[in-house]
Amino acid sequence: MVTLNKIYTRTGDAGSTGLVGGARIDKHAAKVAAYGDIDELNAQLGVCKELAESTPAAAKLISEMLITIQNELFDIGAELATPADSHWEGMLKAGPQHTERLENWIDQLNDQLPPLKSFILPGGTLLAAQIHVARTVCRRAERQICALNKQEPVSQSILQYINRLSDLLFVMSRAVVKQAGKPEYLWVPGGERPRVDGAKSR
């Protein structure tokens, strides 16, 4: 287990940060941006988990999924924060089994949902809207990890996991709305969208 006895170190005051193993790197480097986005995503999912636990219809299943994902994202963040040439035997890493579990959860939730007839607008419930926020952060993290992959090799398991996670969050948001008995907000193309006064747009 990690023990943190002191929170501030003053070692990052000059604009660099330490990677796993002690190497220093600029705080604006692509590698730091990648695991920083994973950290932000984990924080967003923490909000989702707390909202899920206060939403009776969603509480157990969604909360259990989210806490598992939060732990796995912490492992992924640590893997991204480790220099590519410094991996060691027994190091916690994303693997195909983690992505497969996400796919199983997607199928489990999606089987209970009606087919989509339009794009979804974020909303329906507060929890569903917050899950959509997490989904967009997940997409940004994926873009940043892909950018990092152009500079140094990133595990394909990480790329697959983050890609599938955004799919899961999309389906999860729909499932939350359905469980709450609320209607989904569907995108209406501009030519068919009603005006605020109720008249039809032209």
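A few points about this structure:
- Selection from the range 106-150 of residues that are hydroxyl-bearing (Ser, Thr, Tyr) and surrounded by 14 or more Cβ atoms within 10 Å (Cβ to Cβ): Thr125, Thr136
- Looking across Gln112, Gln130, one residue alone is part of a helix (DSSP H, G or I), touching a residue at least 12 places away in the same chain (Cβ under 8 Å) and more than 28 Å from Thr82 (Cα to Cα). It is Gln130.
- Residue within the range 112-127 that is over 14 Å from Val177 (Cα atoms) and at pLDDT 95 or above present: no
- Glu103 vs. criteria surrounded by fewer than 19 Cβ atoms within 10 Å (Cβ to Cβ), modelled with pLDDT of 95 or more, part of a helix (DSSP H, G or I) and among the acidic types (Asp, Glu): yes
- Any chance Gly181 is surrounded by fewer than 17 Cβ atoms within 10 Å (Cβ to Cβ), outside any helix (DSSP H, G or I), of a type in the set (Gly, Ala, Ser) and under 19 Å from the mean Cα position of the chain (by Cα): no
- Where a residue in the range 153-172 is without any contact (Cβ under 8 Å) to a residue 40 or more places away in the chain and its partner, wherever it lies, is part of a helix (DSSP H, G or I) and among the charged types (D, E, K, R), with Cβ under 8 Å and at least six apart: Leu159/Glu142; Asn163/Glu142; Ser166/Arg135; Ser166/Arg139; Ser166/Glu142; Leu169/Arg135
- Within the range 85-99, if we keep just the residues that are modelled with pLDDT of 80 or more and surrounded by 12 or more Cβ atoms within 10 Å (Cβ to Cβ), the residue that is farthest from Val171 (Cα to Cα) turns out to be Gly95.
The values are calculated or read from the model by the stated rules, or taken from the named source; none is laboratory data. Only a predicted model underlies this, so the values are computations on that prediction, with no experimental measurement involved. When we count neighbours, we look across all protein chains shown, and the Cβ atoms used for this are built from the backbone with ideal geometry, even at glycine.
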